[in-house]
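Colleague: Below is the structure I would like to discuss, written out as structure tokens.
What follows is calculated from the coordinates using simple rules that are stated; it is not laboratory data. As the structure is a prediction and not an experimental result, all values here were calculated from the model. Heads up, the Cβs are rebuilt from the backbone with ideal geometry, glycines too, and the neighbour counts pull from every protein chain shown.
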Amino acid sequence: MAYTFRFRDVLAQQDAILDGLIVTIELSAVTITVGFVFGTLVAIVLLYGRPWARAIARSYVEVIRNTPLIVQLFLIFFGLPAIGIKLDVMTASLLALSINLTAYTAEIVRAGFESIPKSQIEAGISLGLTGPQIFRHVVLLPALKNVYPSLSSQFVLLMLATSVVSQISAADLFHAGSIIQSRTFRDFEVYTVISVLYLCLTLLMRGGFRLCYMLMFRR
Amino acid sequence: MIRELALLDVYYLVLAVRWTIALTLLALAGGSLIGLLVAAGGASHHLLPRLLALGYVGLVQGIPLLAWLFIFYFGLSIVGYDLPPLIAATVGFSVYAGAFLGEIWRGALIAIPRTQWEAGTAIGLTYIEQLRHVIIPQAVRIAIPPTVGFLVQLIKNTSLAAVIGFVELTREGQMTTAATFQPFAVYLLVAALYFSLCYPLTRYSRVLEGRRRGVR
């Protein structure tokens, strides 16, 4: 093999890498927050909504879960301006990612709600808890505990999926990679360095979620 | 030159579905080979294969699929193979699918109670016979619904092959957009085509899941 690996050129661009890393973290944090809140709301509609609201929520979840994220992103960033809605790169990215994650979160949280046995709710009623109290203490928190593993791995997958926004040139970590690539022509080294950083983010997130679990649910 | 979105464009988009399906099947074949190894390693009683399987899954699932595609696309050309995008995409998606399928199948293998193995031993079956007649038939039944579910993920993710220039549905959509400048209609159609591929599989996976629960 006549190829010599030169990581130095790539690592010299650490400012660009750091900027990208921060954007990736921001994108992930905002999307996860929005996706979690709205996903839980959609899950509530899926289970307890009126029939028409349920039908809308169900169609939304199925359409998003059965089409690729990159197509959703292209539709929002390239498609919407054609019908008069113009969004800048970051707004379009956040919108596409949030719409995507909300659908996945809704489906997971719904499964969590369904995992609560009816007898638990009846026990809550017989203890004289009010509706909101039952929802909060008997349904929501135990449900979230039950689906915590799938929810947290969905969030990690989302963080990795944010790399797709580089395709509409949002300035995330992956996009920093392609900029450095065009500056240094060190394709392989660039994407190795970027991959290692994503791997570190993944490990940090997994560790963080495990810690949160112990803090929140250990009684 | 900008032209109108014609019926011919729609026809070409529908034709591009072939390449999405072809790439999915290639990745499924490659991913199954790797997945079997990962599942066997992960369910092994020895520490080393278990660690290797765990490391492989952790590594693959910790890096974006987009990065894997770029690494194989650029990496393999460094080693001296000037690869067409189809090969690079197949390798990249196989590596990716292998990790997820391996995890699914490992879960199915270890879900079979130890007593089933012991029962096999008790009636005098060899290790291979135990696997063949006792363990695998039960494990397959557990593994099929999530495997079909993952197939949906795989179909959707083949859209990322567009970024290394492989012409499948999404890339065809990009090219049609460039020619007709009708991104909204084109991407809506692309999304509809993906949906018509994925939704039946999603439903099917749910039916299988329900049937399995019913049996128990």
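Colleague: Which whole-angstrom value gives the distance between the alpha carbon centres of region B:74-109 and region B:111-183?
Modeller: Region B:74-109 and region B:111-183 have Cα centres separated by 13 Å.
Colleague: Based on the Cβ-Cβ distance of B:Leu188 and A:Ala53, what FRET efficiency does E = 1/(1 + (r/R0)^6) give at R0 = 25 Å, to the nearest 0.05?
Modeller: 0.55
Colleague: Output the 0 to 90 degree angle, nearest 10, between the alpha-carbon long axis of helix A:173-184 and the longest principal axis computed from the alpha carbons of chain A.
Modeller: Tilt relative to chain A: about 10 degrees.
Colleague: What FRET efficiency, computed as 1/(1 + (r/R0)^6) with R0 = 51 Å and r the Cβ-Cβ distance, is obtained for B:Ile87 and A:Leu129, rounded to the nearest 0.05?
Modeller: Values: r = 61 Å, r/R0 = 1.20.
Here the calculated transfer efficiency is 0.25.
Colleague: Related question: Other chains near A:197-206: what is the mean number of their Cβ atoms within 10 Å of each residue's Cβ?
Modeller: What the average comes to for A:197-206 is 3.
Colleague: Something else: First check a/c for region A:8-217, with a ≥ b ≥ c the square roots of the eigenvalues of its C-alpha gyration tensor; if it is under 1.5, answer rounded, and if not, answer prolate when a/b is larger than b/c or oblate otherwise.
Modeller: It comes out oblate by the Cα gyration axes.
Colleague: Here is a follow-up. Give the order of A:Lys86, A:Lys145, B:Lys156, A:Lys118 when sorted by the count of other beta carbons within 10 angstrom, beginning with the fewest.
Modeller: A:Lys118, A:Lys86, A:Lys145, B:Lys156
Colleague: For the protein assembly as shown, what is the charge dipole size about the Cα centre, in debye to the nearest 20, if Lys and Arg each add +1 at the Cβ and Asp and Glu each add -1 at the Cβ?
Modeller: For this selection, approximately 1460 debye.
Colleague: Give me A:Asp9, B:Asp82 sorted ascending by neighbouring Cβ count inside 10 Å, so fewest comes first.
Modeller: Taking fewest neighbouring Cβ atoms as first place, the list is B:Asp82, A:Asp9.
Colleague: Then there's this: By the gyration tensor of its Cα atoms, with a ≥ b ≥ c the square roots of the eigenvalues, what is the shape of region B:7-215: rounded for a/c under 1.5, prolate for a/b over b/c, or oblate?
Modeller: Since a/c reaches 1.5 but b/c is at least a/b, the shape of region B:7-215 is classed as oblate.
Colleague: A:Ser150 to B:Arg18: FRET efficiency via 1/(1 + (r/R0)^6), r the Cβ-Cβ distance, R0 45 Å, to the nearest 0.05?
Modeller: Efficiency, from the Cβ-Cβ distance: 0.85.
Colleague: Would you mind putting B:110-116, A:42-48 in packing order, based on average other-beta-carbon counts within 10 Å, highest first?
Modeller: Details: B:110-116: 11.9, A:42-48: 19.3.
Top of the packing list down: A:42-48, B:110-116.
Colleague: Between B:Arg3 and B:Val167, what length comes free when the chain is fully extended (0.36 nm per residue of separation minus the Cα-Cα distance, one decimal in nm)?
Modeller: Using 0.36 nm per residue and subtracting the Cα-Cα distance, I get 57.0 nm.
Colleague: With a ≥ b ≥ c taken as the square roots of the eigenvalues of the C-alpha gyration tensor of region A:2-58, please select rounded if a/c is under 1.5 and otherwise prolate if a/b is larger than b/c or oblate if it is not?
Modeller: Here region A:2-58 falls in the prolate category.
Colleague: Relative to the longest principal Cα axis of chain A, at what angle does helix A:51-65 sit, 0 to 90 degrees, rounded to 10?
Modeller: Taking the Cα atoms of chain A, the angle to A:51-65 is about 30 degrees.
Colleague: Sticking with this one: I want to check the label-to-label distance for B:Leu51 and B:Glu118. Put each point 7 Å from Cα in the C-beta direction and report it in nm to one decimal.
Modeller: Label at B:Leu51, label at B:Glu118, 3.0 nm between them.
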